[in-house]
1. Would you mind telling me the share, in percent, of accessible area of segment 202-308 contributed by carbon and sulfur at probe 1.4 angstrom?
2. Give me the one-decimal Kirkwood hydrodynamic radius in Å for segment 184-324, with the sum taken over alpha-carbon pairs.
3. Suppose every Lys and Arg Cβ carries +1 and every Asp and Glu Cβ carries -1, with no other charges. What dipole size does segment 442-598 come out with about its Cα centre, to the nearest 20 debye?
4. Over segment 375-516, what is the relative contact order in whole percent, taking alpha-carbon pairs under 8 Å and six or more residues apart?
5. With the convex hull built on the Cα atoms of segment 634-693, state its orientation-averaged projected area in nm².
6. Once a ≥ b ≥ c are taken as the square roots of the eigenvalues of the Cα gyration tensor of segment 155-236, is the result rounded (a/c under 1.5), prolate (a/b larger than b/c) or oblate (a/b not larger than b/c)?
7. Once you put a point 7 Å from the Cα of residue 385 and another 7 Å from the Cα of residue 675, both along the Cβ direction, what distance in nm separates them?
8. What whole-number distance in Å separates the alpha-carbon centres of segment 783-802 and segment 475-520?
Amino acid sequence: MASPWRAAWAAVMVMAAAAAVSAKECTNIPTQLSSHTVRARLQASPGAAEWRLRELFHDHLNPTDEAAWMDLMPPPRGGLPAAAGGHDHEEFDWAVLYRSLKGQLPGGGGGGASPASAAAAGPFLEEVSLHDVRLDPDGDAAYGRAQRTNLEYLLLLDPDRLVWSFRTQAGLPAPGEPYGGWEGPDVELRGHFVGHYLSAAAKMWASTGNATLAGRMSAVVGALRECQRAAGTGYLSAFPAEFFDRFEAVRPVWAPYYTVHKIMQGLLDQHVVAGDGRALGMVAAMADYFAGRVRNVIRRYSVERHWASLNEETGGMNDVLYQLYTITNDQRHLVLAHLFDKPCFLGLLAVQADSLSDFHANTHIPVVVGGQMRYEVTGDPLYKEIATFFMDTVNSSHAYATGGTSVSEFWSDPKRLAGALTTETEESCTTYNMLKVSRHLFRWTKEIAYADYYERALINGVLSIQRGRDPGVMIYMLPQGPGRSKARSYHGWGTQFNSFWCCYGTGIESFSKLGDSIYFEEKGERPALYIIQFIPSTFNWRTAGLTVIQKLEPLSSSDQYLQVSLSVSAKTNGQFATLNVRIPSWTSSSGAKVTLNDKDMELTSPGTFLTISKQWDSGDRLSLQLPIHLRTEAIKDDRPEYASIQAILFGPFLLAGLTTGDWDAKTGGATATPSDWITPVPPESDSQLVTLVQESGGKAFVLSAVNGSLTMQERPKDSGGTDAAVHATFRLIPHPQGGASATNSTASVTLEPFDMPGMVVTDKLTVSAEKSSGALLDVVPGLDGSPGSVSLELRARPGCFLVGGGEKVQVVCGGVRKRGGDGGTGFRRAASFVRSEPLRRYHPMSFAARGVRRNFLLEPLFTLRDEFYTVYFNLGS
């Protein structure tokens, strides 16, 4: 979603157009396309590309009943009767326009094909109902936890506040106060989040059956219905229709159709998913209203003028209208959907040109999704080719290791991502929409690559945008650069009631439909189920009369296998069905194992499906043991000098290194494997973690390792998920030659900073990889005599202690002799610490990686909150 600074941006656009910098013109006239790639391709192979352009631009409308087009014809000007030359002439012009769009000459017999000639494509894998999928509620399951957090947020939202601007626009009483952020009453995009809310609430209710949420979303639909009735025209929005006057005049306005798409999609989801009988009529009325507006633009100006207006973001208007058509079978909805396909952008993809650079990513991904629905509805193979090429292009040239895309909301040059590692990377909305693209492609093709992509983007791109268990705290951008933090981008973390960015809308939808792509089915006499994601869940497979329960063993960095089990219960034993289980491309055949009812089976190769067809009985159990490895993956950049910039993954999990900027790894040479320089953090290490606290001046301070030195910092109020918590956590590692005994309360340890595994604090109060005798500390009873307190005495320098006091740490020698005028009390207090529970703990999937100047703690990106990190490392240092 583009930023709200519309007036300023309009001025910038004028200058950019004059300077031909950064702005990309996109019209439906091929000679005006700004892409040199397309021009070169057309000149190099005119025969191969010309037919695609003709098919896209001249045959832009699929064959439909011409009567449907004629139904959109504007009324005669001035009420002239047909005999006076008004209606007949306009009817002719309207028919000519339709035929020209279809590539038919006015006198060429173009009466229009019958609706039957626009046959739907397929058959495809079918979606399963969210009503039949339940995520495992186990508190340790990331997906179930993310779903619950999102549900809590949806339940915090007040229907009256959500619809405040709608009621005000409709002239109805509006109790309560409006929300802020992008839903504020003075923001042109207001209302977009309400549409997302309707979609998210419908899917969350289907996923959980929460009755309170059902009542809330029903109240929102009811309020919107009253607003639409008050308008009396079918119009429904939180802003005045004048916004569309500006849109149609190609004057600055903030994406009114983008918002309308969200409202229409939300109402359609309320109809399809939630079964609200009021919602379908509301969507149809909106479609009729906007059909009239589009018709009038074409009548007053030209269809080219309409195409030009689509350069403003319109969301997935084509997508929702194609969906509406599948329900209503109203040809007018199909025609209107065609008119929201964006020929200038889809044309680039039709000639298979990677000209994505400088396009606003999230404006155009939904256009592709709409094109995918066009293929499903009409069977037009061009749009399958477009989607396939688009997905391949983004994945091969514009995608980060997370699966996400975009920098500062735009696509950058292909295979040049090393120069695009900043805080403003991977707009969350783009990941939401790319998942839709891959989902469609998988349903069409059953290709494992699309399911693998979905897994990668869901884990690393979607789960990463929530701030732990904080309801309603999400991010706009997912930073990819070294030493970046989710909390320190332009937007940072949002707030519950004063953000409502575009990525809040897609965020609440994403976490409401986590169960929608685990299972797909083929119906028929012999039903088949495709299990493509490893997410603990239960699926009620009604078609086959079976229930499938999927469980995963908790995964840690020390594990060599991902262990998945599928248990089946049958309403009636002997139900014949086929299970197809994805064997992901990231695993290997060596060490893999599969058993059915404890009997070994032959496992297929990675990147294929394990297929089992049988008569299933209650108690049948399929178990998979999939090897999971560390691996590195080069950034999408084909310049040799950036070949060393690589990400680290553990199976599908992207690992981030905790760092404020350093990203130089020490691999041990070109032939080294990841396991040569990356090792698991042993599970027992967690029990050795500690935070050392000291009171001073009425405040609590914690011993901290910051920028390679020891210091004291105030104890952070937010004890988890911050850099302060990371820096204040240490691992006390017992020294093998010195430990406490029944007669000796002194224990010798090294002090290892949490985020620098394998490094120790030295007697110089610095952090080093050299574990000399100067790094040994004796943990002795606190010099202040307080129960439970400890003091840290340097083993190599008896009588010398680590001493705090305020924000400084120093080594002070002289034991407990009288110091100052307080008899040594101040010294003893400053040299004493309370061993407290660690402010940070290791994630089970934690690794230690060697670095050139420092070592790195690696943890899954999706688990991080405010910590600074890098997702790419320089392996060539």
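1. Carbon and sulfur: 49 percent of the exposed surface of segment 202-308.
2. After inverting the pairwise mean of 1/r, the radius is 15.5 Å.
3. 280 debye
4. Relative contact order here is 22 percent.
5. 6.6 nm²
6. It is prolate, given that a/c is not under 1.5 and a/b is the larger ratio.
7. It is 4.6 nm.
8. With segment 783-802 and segment 475-520 each reduced to a Cα centre, they are spaced 46 Å.
The values are calculated or read from the model by the stated rules, or taken from the named source; none is laboratory data. Worth saying up front: this structure is predicted, and the values here are computed from it rather than measured. Every residue, glycine among them, receives a Cβ derived from its backbone with ideal geometry; neighbour counts consider all protein chains shown. With ligands, DNA and RNA removed, areas are computed over all heavy atoms of the protein, side chains included. Shrake-Rupley method; radii C 1.70, N 1.55, O 1.52, S 1.80 Å.
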